[in-house]
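Worksheet: one structure, shown below.
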């Protein structure tokens, strides 16, 4: 009780200190957790919404802590679109306690999530682990107790499958219409156009991967599980249960890459590329960056698809 009261007092002080930060008063104030969600909301809300992103570019959604100025903006926010990334488990209860009139919308609700899998080539088994961890470990295998305890959680990267984004877009449309019923028709029309664009993207990506079913690509962190499942590919993660691989595990991964003619190792900008570079050097391949948190969601998926297609040739 004391902690909750302290949080509310701190947020109230921040609101007084920063009374009009970041929002346009004639638009519906909305917050999202990550940048791709901003793209989704803007496609449906257009000029009717003012969208703020909680986790900035290149920040870690596992360990991110909201800044005081963001807390000030939250005091004016009507809707918060959550998506299931790890930092929400800690901060959404605090945000809700401080802003009980703000509606939390879980856009991942109703989506059947898959496990995040770590590949064990030699033992031919899989282990599950949680989402984002520290970008630069303070030691060869440093990971938090929270990482270990929650490693069986489901994969939160639902926005990397266009079909699942279409579901989330419908949830966003419904929430905007409920919060701003005077523009219900505009939200419906914008959603219909976005849904058509999503279907076209999905069709184009299926064309990109025609004949590539079952082929494998190597990634440091297994962010692309939904993408791989949607287009019948297989991602081979370097991480082992949320940790950097040990030397013996690295050796197995290198052998696996050689056996399967893998020549490209994908890394997202929020993570260290050290292990990926080591494997790429040993297989005479290269490291390529693919960002699952890029804001321009549609163009980003097309670009990543082209990289994956090139990698699995």
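Restricting segment 291-313 to residues that are part of a loop (DSSP other than H, G, I, E, B) and at pLDDT 90 or above leaves a set whose member that is surrounded by the fewest Cβ atoms within 10 Å (Cβ to Cβ) is 296.
Scanning segment 202-236 for residues that are at negative phi and modelled with pLDDT under 85, we see that the one that is surrounded by the most Cβ atoms within 10 Å (Cβ to Cβ) is 221.
Looking at segment 253-261, is at least one residue closer than 26 Å to residue 37 by Cα, buried (at least 18 other Cβ atoms within 10 Å of the Cβ) and touching a residue at least 60 places away in the same chain (Cβ under 8 Å)? Among the residues of segment 253-261, not one is closer than 26 Å to residue 37 by Cα, buried (at least 18 other Cβ atoms within 10 Å of the Cβ) and touching a residue at least 60 places away in the same chain (Cβ under 8 Å), which makes the answer no.
Per the listing 141, 134, 123, the residue uniquely modelled with pLDDT under 95, surrounded by 13 or more Cβ atoms within 10 Å (Cβ to Cβ) and assigned to a loop (DSSP other than H, G, I, E, B) is 134. From the list 19, 36, 68, 56, exactly one residue is modelled with pLDDT under 95 and within 25 Å of residue 292 (Cβ to Cβ). Which is it? Only one candidate qualifies: 56. If you go through segment 59-81 and keep only what is crowded, with 20+ Cβ neighbours inside 10 Å, outside any helix (DSSP H, G or I) and touching a strand residue (DSSP E or B) at 6+ places or on another chain (Cβ under 8 Å), you end up with 77, 79, 80, 81. Criterion first (in a loop (DSSP other than H, G, I, E, B), modelled with pLDDT of 85 or more, touching a strand residue (DSSP E or B) at 6+ places or on another chain (Cβ under 9 Å) and surrounded by 13 or more Cβ atoms within 10 Å (Cβ to Cβ)) does residue 174 satisfy it? So residue 174 does not fit the description; no.
For residue 85, the conditions (1) out of contact with any helix residue (DSSP H, G or I) (no Cβ under 9 Å at 6 or more places or on another chain); (2) under 30 Å from residue 290 (Cα atoms); (3) surrounded by fewer than 17 Cβ atoms within 10 Å (Cβ to Cβ) all hold with the exception of (3). Residues that are in a loop (DSSP other than H, G, I, E, B) and either farther than 20 Å from residue 39 by Cα or touching a strand residue (DSSP E or B) at 6+ places or on another chain (Cβ under 6 Å) (or both) within segment 87-120 comprise 99, 100, 101, 102, 107, 110, 112, 113, 114, 116, listed in sequence order.
The values are calculated or read from the model by the stated rules, or taken from the named source; none is laboratory data. All figures in this text were calculated on a predicted structure; none of them were measured in a lab. Glycine also receives a Cβ, built like all others from the backbone with ideal geometry; neighbour counts cover every protein chain displayed.
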